[in-house]
Amino acid sequence: MQRAILALEDGHFFYGYAFSGLNQKEVGGEVIFNTSMTGYQEIITDPSYKGQIVVFTEPQIGNYGVNLEDEESDKVHANAIVVKDISKTFSNWRAEKSLIEYLNENNVIGITDIDTRALVRILRDYGVMKGYITTEDISPQEAVKRARNIPDISELNLVAEVSKREPYKWEYGSWDPEKGYKKQTEKKYKVAVIDYGVKRNILRLMADRGCDLTCFPHDIQAEEIIKFNPDGIFLSNGPGDPAILKYQIDQIKKLLKTDIPIFGICLGHQLLTWAVGGRTYKLEFGHHGGNHPVKNLKTSKVEITAQNHNYATDVDTLPSNVEITHINLNDHTPEGMRLTDRPVFSIQYHPESSPGPHDSLYIFDEFVNLIEECKK
Amino acid sequence: MPKRTDIHRILLIGSGPIIIGQAAEFDYSGTQGAKALKEEGYEVILVNSNPATIMTDPEIADKTYIEPLITPVLEKIIEKERPDALLPTLGGQTALNLAIDLYEKGILDKYNVQMIGANYEAIKKAEDRDLFKEAMEKIGLKMPKSKVVKSIAEAEEIIDWIGFPVIIRPSFTLGGTGGSIAYNKDEFYMKVKAGLEASPVHEVLLEESVLGWKEFEMEVMRDKKDNAIIICSIENFDPMGVHTGDSITIAPAMTLTDKEYQILRDYSIAVIREIGVETGGSNVQFSQNPKTGEFYVIEMNPRVSRSSALASKATGFPIAKIAAKLAVGYTLDELPNDITKETPASFEPSIDYIVTKIPRFDFKKFPEADPTLTTMMKSVGEVMAIGRTFKESFQKALRSLELGRYGFYIGLEKEDDEKIKQKILTPNEDRPWYIAEAFRRGLSVDDIYALSHIDKWFLNQIKEIIDFEKQLQTKTLATITDCELEKAKKWGFSDKELARLLKTTEDKIRERRITVSYKVVDTCAAEFKAYTPYYYSSYESLSGKIDENGEVITYRDSEN
């Protein structure tokens, strides 16, 4: 372990120790906090965290180690992680290695002994901000200066960094404690996934429901998707600011002119917002955690949801053919919408969980039902 | 859904005298419940035989009866007061049993009293072993395999299905006479034979042993609209075999991956739905095979339990208060979270600290009692400690027991190795200290695991404390570094314990060590502003800020 400093662009700084990625010496990113008490491995491998330094509010991290089944992509995407107390040892029947080893293999800096609660209170009160971590022995002034100099997340095309360059097939279903991941047995619906940084569990849940999945790169032309002739189109989650993805939004606009059912999650929902003529705005400190209450306005039932987004749909900018279907009960921001005149809907939170509660898995049934209806 | 207007007078039953297994926690929940109902404008009629409780203070209920908690007395009170409803889920097992009896004797029907919170069927389904097993089978959840047999031949037929070790419980014997565990076929024949002979009806229950499995608890709440939330997960430090009330427990669970945690979450919600607790809180206990990860349901309490009181204090979520409001018709999204004010109660608390509960025993007052910890509860109280690391939380709890102990050292140097091992093998109130002593003597985590089956993550945490203790012992106040002293405080070493290790005084340690930081319990890991001041102390690294003039200010953050 090596002494490290974390500096924020607003002038705050925190001392701690780096426990992984020591060859990296420094890293910058947007500092956000996540309140999930389990699921650190799923979080750090979620491509949506690209460009971000993740602060865990759960103070004891690394306890159950890491296993290759729980990855949400093929590597760690978070720029760095910040914890109160990293566990050197681990215990779980499936554990293969420690979180420290895993982060080292991925060359990702992790820092421990940080007063994470004080840090979270600053982010809560003043909003997400740029941060910088180094193990170099520099003054706090210098560290803050460097934090201010890192590029803003809205200037980075992070989607291009996490999306796969070539189309690929996905054929595995959900995890089972006894059998692990099962290969899918049924392929009833041809679904085109636009991969802006898709989480594996989204693909697994669609595979469970008979979707024959082909994932396309983020910059696929709409014409190619239409030529592929899918039964449904899925717009995935992904990192960064949706407003800068003008090309991708234009493609979705073209897809909206077809009658193909479209379903979007998180970034996919935000891109859809722009494509239908609406706008998104940046939330003060975002929603990142596994305990957000969302009300389904159709059933008026409350779902406890997994969330990870810094941007939200501005309801006032939406055209009249958009209906809000879900709202967040903490701050009343929209969490889901549908078009009243087309087979199109989207969800801002993460119905696929992983990590997080399973209350919203029905959303995937709704997608498949929509495809089924449109096929008739 | 607003509150019910068809009921006005609600009868609340307290939990009676303080006995082992049923102590002040039910006074806490009953008081909270009564206040919540009164706040909503209901008339609360309280019955409790114990006047030495907060709930019987005159301002808590509208009418308070201090009378024996027996059915005839309850009937008289019902006859006189004519309540519209009975809320039986806040007064522990005593209240639940009385409610069952009042229902079965037709008294509730006779006076037209409705049971709210949990109804008769739900209580029966949760409490009756066979009904519960049936319900769990229906929703596809596993329980330890078991079957009643009447002969050696019948026993032989099912032993491969159950597997070894197997627990043999003769039917209808007093205090479990003749019960035993068989580890192999030879023992099995002998012990089943003995069991059959011991049973007056010549019958034994063979049950799969889950001794040494990991143990977890989930606190779940449900409202009328079927919204269900988990308040808290709890992991037992002591594996299966020690009563939860006598176990050291940790919140939140420490060694579950998200995939496993979500399985338990799904199971807990499925259990509360199947059992049919319409509104309020329940506690569901699970065991997990540490090698295969397989989960079994052990039991469920269809009421506010001892663990609910712990979960309330551990998270800041007032379970009994919310349970009372749900019972009169509110839904979780209609109730505010008292601590954040702006967010609703329909969420799951996230905590940014570790909670340790350690039971307190008093075997000195019961010299005849066997101090071995078993499935029968023996503790007379408990302490709860909050820390920002597991180590800090655990060490704080150890010294809060008022046993004159200030950490993991109680002077066991003179005990022989065999006794140390024996005290780790057999659960007893001093086990944590014997484990520490074993680490001092060089036993490995694997050695201690083999004796105790306490999860290796917990054992490793204790080992790290002892390894660090050894390092500290080689130092004095003059040679110890600031870094080491800071680490010691973050790991929960008391000033008194440090004074012993560094051969100095408590005051000198206090002068030299870092200052304490105060943190808030807020149900939401600081995501939202908290309005209820509820603090704990901890130790944190240095942080700071560059002020307007470019000057560096450093401090250890504290909330106020």
For A:Asn67, the residues 5 or more places away or on another chain with a placed amide H closer than 5 Å to its own amide H are A:Glu96
Bridge type composition, the protein assembly as shown - antiparallel percent by DSSP, nearest 5: 70 percent
Can you spot the lysines whose alpha carbon is less than 21 Å from B:Lys191's alpha carbon? Ignore those fewer than 8 places along the same chain. B:Lys145, B:Lys147, B:Lys150
Least to most buried among A:Leu271, B:Leu98, B:Leu477 (fewest other Cβ within 10 Å first): B:Leu477, B:Leu98, A:Leu271
Are there any trypsin sites (Lys or Arg not before Pro) in the range A:110-204 that are in a DSSP loop and have at most 10 other Cβ atoms within 10 Å? List them by number. A:Arg165, A:Lys179
To two decimal places, what compactness ratio does the range B:70-225 give when its Cα radius of gyration is scaled by 2.2 N^0.38 Å? 1.39
Tensor-based shape of chain B (alpha-carbon gyration tensor, a/c under 1.5 rounded, otherwise prolate or oblate): oblate
Fewest to most Cβ atoms within 10 Å: B:His8, A:His12 sort as B:His8, A:His12
At R0 = 25 Å the Cβ-Cβ FRET efficiency linking B:Ser444 and B:Glu294, nearest 0.05, sits at 0.40
Can you grab the distance from the C-alpha centre of the range A:68-143 to the C-alpha centre of the range A:278-336, Å, no decimals? 28 Å
Over the Cα atoms of the range A:159-375, each weighted equally, I'd like the Debye log10 I(q)/I(0) at q = 0.08, 0.10, 0.16, 0.19 Å⁻¹, rounded to two decimals. -0.24, -0.39, -1.07, -1.58
Rg followed by Dmax, in Å, when the range B:19-112 is reduced to its Cα trace: 12.6, 35
Summarise the partner chain shielding of A:25-38 as one whole number: the mean count of Cβ atoms from other chains within 10 Å of each residue's Cβ. 3
Cβ crowding within 10 Å averaged over residues, with B:220-226, B:419-425, B:69-75 ranked highest first: B:220-226, B:419-425, B:69-75
³J(HN,Hα) computed for each position of the range A:287-294 - Karplus, 6.51 cos²θ - 1.76 cosθ + 1.60, integer Hz, glycine/proline x: 10, 9, x, x, 9, 7, x, 10
Over 23 Å between Cα atoms, which of B:Lys63/B:Lys378; B:Lys325/B:Lys396; A:Lys301/B:Lys3; B:Lys421/B:Lys470; A:Lys25/B:Lys259 qualify? B:Lys63/B:Lys378; B:Lys325/B:Lys396; A:Lys25/B:Lys259
Assuming 0.36 nm per residue, please report the length gained on full extension of the stretch A:Lys253 to A:Asn229 beyond their Cα-Cα distance. 7.0 nm
Here the averaged projected area of the range A:215-314, based on the convex hull of its alpha-carbon atoms and given in nm², is 7.3 nm²
What does the convex hull of the alpha-carbon atoms of the protein assembly as shown project to on average, in nm²? 41.6 nm²
Mind telling me which of A:Glu352, A:Glu178, A:Glu30 comes out most flexible in a GNM of chain A, alpha-carbon contacts under 10 Å? A:Glu178
Which GluC sites (Glu not before Pro) in the range B:323-381 pass both tests, a DSSP loop state and at most 13 other beta-carbon atoms within 10 Å? B:Glu342, B:Glu368
For B:Asn184 and B:Glu402, what does the FRET efficiency come to when R0 = 45 Å and r is the distance between their Cβ atoms, rounded to the nearest 0.05? 0.50
Remind me, relative contact order of the range B:423-485 in percent, using alpha carbon pairs under 8 angstrom and six or more residues apart? 28 percent
Using label points projected 7 Å from each Cα along Cα→Cβ, tell me how many nm separate B:Ile139 and A:Lys190, to one decimal. 4.2 nm
Per residue, the convex hull enclosing the Cα atoms of the range B:293-450 spans a volume in Å³ of 179 Å³
Over the range B:390-447, what is the relative contact order in percent, taking alpha-carbon pairs closer than 8 angstrom and at least six residues apart? 26 percent
At a 10 Å Cβ-Cβ cut-off, how would you order B:Thr255, A:Thr273, A:Thr317, A:Thr135, fewest neighbours first? A:Thr317, A:Thr135, B:Thr255, A:Thr273
Counting partner chain Cβ atoms within 10 Å of every residue's Cβ in B:224-231, what's the average? 3
Show me, bin by bin at 20 Å from 0, the whole-percent P(r) of chain A based on Cα pairs. 30, 57, 13, 0
What's the FRET efficiency of A:Asp152 with A:Val315 using the Cβ-Cβ distance as r and R₀ = 25 Å, to the nearest 0.05? 0.50
Write down the percent of antiparallel bridges among all DSSP beta bridges whose residues are both part of the range A:159-375, to the nearest 5. 60 percent
Which ³J(HN,Hα) values, rounded to whole Hz and listed in residue order, are derived for the range B:472-487 from phi using the Karplus coefficients 6.51, -1.76 and 1.60 in 6.51 cos²θ - 1.76 cosθ + 1.60 with θ = phi - 60°, glycine and proline given as x? 5, 5, 7, 10, 10, 4, 6, 9, 6, 8, 4, 4, 5, 5, 5, 4
Please go through the residue pairs A:Lys88/B:Lys423; A:Lys282/B:Lys489; A:Lys199/A:Lys253; A:Lys169/A:Lys254 and name each one whose alpha carbons sit more than 31 Å apart in this structure. A:Lys282/B:Lys489
Give the peptides B:353-360, B:239-246, A:277-284 in descending order of average Cβ contacts within 10 Å, highest first. B:353-360, B:239-246, A:277-284
Candidate aspartates and glutamates for bridging to B:Lys365, where Cα separation is under 18 Å - those fewer than 8 sequence places away on the same chain excluded: B:Asp246, B:Glu382, B:Glu402, B:Glu429, B:Asp430
Percent of C-alpha pairs per 5 Å bin, the range A:101-216, short to long: 2, 9, 12, 13, 14, 13, 10, 11, 9, 6, 2, 1, 0
Considering only Cα-Cα distances, which of the following residue pairs are longer than 27 Å: B:Lys214/B:Lys463; B:Lys321/B:Lys519; A:Lys295/B:Lys125; A:Lys84/B:Lys313? A:Lys295/B:Lys125
Per-residue average of Cβ from other chains inside 10 Å of A:109-121: 5
Evaluate the relative contact order of chain B (contact order divided by residue number), counting alpha-carbon pairs under 8 angstrom at least 6 apart; express in whole percent. 12 percent
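Readers should treat all values here as calculations from the given coordinates under stated rules, not as data from a laboratory. Remember, it's a predicted structure, so these values are computed and weren't measured experimentally. When we count neighbours, we look across all protein chains shown, and the Cβ atoms used for this are built from the backbone with ideal geometry, even at glycine.
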